[in-house]
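Participant: One structure, pasted below without further comment.
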Amino acid sequence: MGKHMTHNMLSLADIAVRTGLPLRTVRYCIDHSVLPLAEPSTVGRGKVREYLPQEGFAIATAALLLDAGVKRNLVTACIFESASKYGREYRIENIPLHQAFQAQQASLRIADGLYVRIDGTAKSGIQKSFDTGWMPLNQRVPKPDATYAPIVITTVDLTALRKSLGL
């Protein structure tokens, strides 16, 4: 366990060290509301902010996309479509980013800066395979038809990211 980690919680420093991402980029995701999260379990001046493993995974996903050069508004839209837009009426196991966190193998793809897709293969006995299909990142963009073939695809191997976090 890292010196900043207690009870399976992840600090921003843990996320940065384990993924090799700059701490500044990881912290930016929180300080600039790239992804909305519940308040960390430890708050207050001089306290280390710690997050649940699934939250740390979402933070790392956003930070990785930013570090790869994806624009902030696109990263925010990806996180919204894959996790944040789902309210309390949704079961957590039906939220795409959580499904990816639990999957044997999973990836997130951004197509042409307009759509996001998360898919994954089942982990034996835990869940079934899933594929969100192409989800528009903007309400003004229509859902693509079955013949849609992206020209530019940015892919994140969510399995490798989860493993780098030690989860």
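The values are calculated or read from the model by the stated rules, or taken from the named source; none is laboratory data. Predicted model only: the values in this text are computed from it and were never measured. Cβ placement follows ideal geometry from the backbone for every residue including glycine, while neighbour counts extend to all protein chains displayed.
Participant: Conditions: (1) touching a His at 6+ places or on another chain (Cβ under 6 Å); (2) crowded, with 22+ Cβ neighbours inside 10 Å. Thr61 meets all but one. Number of the miss?
Facilitator: (1)
Participant: Could you tell me whether any residue of region 28-44 is closer than 21 Å to Thr155 by Cβ, part of a helix (DSSP H, G or I) and modelled with pLDDT under 95? Let's see the steps before the verdict.
Facilitator: So the first thing to find is which residues in region 28-44 are closer than 21 Å to Thr155 by Cβ, and the list is 29, 34-35.
Pick out the ones that are also part of a helix (DSSP H, G or I) and you get 29.
Adding the requirement that they be modelled with pLDDT under 95 leaves 29.
The answer is yes; a qualifying residue exists.
Participant: Can you tell me which condition Asp112 does not meet? The list is (1) within 23 Å of Gly69 (Cα to Cα); (2) surrounded by 17 or more Cβ atoms within 10 Å (Cβ to Cβ), and all the others hold.
Facilitator: (2)
Participant: In region 62-77, how many are among the charged types (D, E, K, R) and out of contact with any helix residue (DSSP H, G or I) (no Cβ under 8 Å at 6 or more places or on another chain)?
Facilitator: Total satisfying the criteria: 1.
Participant: Of all residues in region 115-167, which are more than 27 Å from Ser11 (Cβ to Cβ), without any contact (Cβ under 8 Å) to a residue 12 or more places away in the chain and not hydroxyl-bearing (Ser, Thr, Tyr)?
Facilitator: The answer is Gly125, Lys128, Gln139, Arg140, Pro142, Lys143, Asp145, Ala146, Ala149.
Participant: Looking at region 129-159, which of the residues that are surrounded by fewer than 13 Cβ atoms within 10 Å (Cβ to Cβ) and under 16 Å from the mean Cα position of the chain (by Cα) is nearest to Val26 (Cα to Cα)?
Facilitator: If we take residues in region 129-159 being surrounded by fewer than 13 Cβ atoms within 10 Å (Cβ to Cβ) and under 16 Å from the mean Cα position of the chain (by Cα), then Thr155 is nearest to Val26 (Cα to Cα).
Participant: Kindly check whether there is at least one residue in region 101-109 that is in contact (Cβ under 8 Å) with a residue 60 or more places away in the chain and touching a helix residue (DSSP H, G or I) at 6+ places or on another chain (Cβ under 9 Å).
Facilitator: Scanning region 101-109 turns up at least one residue that is in contact (Cβ under 8 Å) with a residue 60 or more places away in the chain and touching a helix residue (DSSP H, G or I) at 6+ places or on another chain (Cβ under 9 Å).
To keep it simple, each residue is scored yes or no on (1) out of contact with any strand residue (DSSP E or B) (no Cβ under 9 Å at 6 or more places or on another chain); (2) among the polar types (S, T, N, Q); (3) under 22 Å from Tyr148 (Cα atoms); (4) at pLDDT 95 or above.
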| site | (1), (2), (3), (4) |
| --- | --- |
| Ala60 | no, no, no, yes |
| Leu65 | no, no, no, yes |
| Tyr86 | yes, no, no, no |
| Gln99 | no, yes, no, no |
| Leu108 | no, no, yes, yes |
| Ala111 | no, no, yes, yes |
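Participant: Name the residues in region 81-101 that are aliphatic (A, V, I, L, M) and in contact with a Ser or Thr (Cβ under 7 Å, 6 or more places away or on another chain), would you? Write out each step before concluding.
Facilitator: Our first condition is that a residue be aliphatic (A, V, I, L, M); within region 81-101, this holds for 83, 92, 95, 97, 100.
Of everything in region 81-101, just one residue is aliphatic (A, V, I, L, M) and in contact with a Ser or Thr (Cβ under 7 Å, 6 or more places away or on another chain), namely Leu97.
Participant: Would you point out which residue out of Gly69, Gly166, Gly125 is surrounded by fewer than 19 Cβ atoms within 10 Å (Cβ to Cβ), modelled with pLDDT of 95 or more and assigned to a loop (DSSP other than H, G, I, E, B)?
Facilitator: Answer to the selection: Gly69.
Participant: Residues of region 98-109 being in a loop (DSSP other than H, G, I, E, B) and surrounded by 16 or more Cβ atoms within 10 Å (Cβ to Cβ), which ones?
Facilitator: Result: Ala103, single match.
Participant: OK, next. On the basis of being within 15 Å of the chain's Cα centre (by Cα) and of a type in the set (Gly, Ala, Ser), does Gly120 make the cut?
Facilitator: yes
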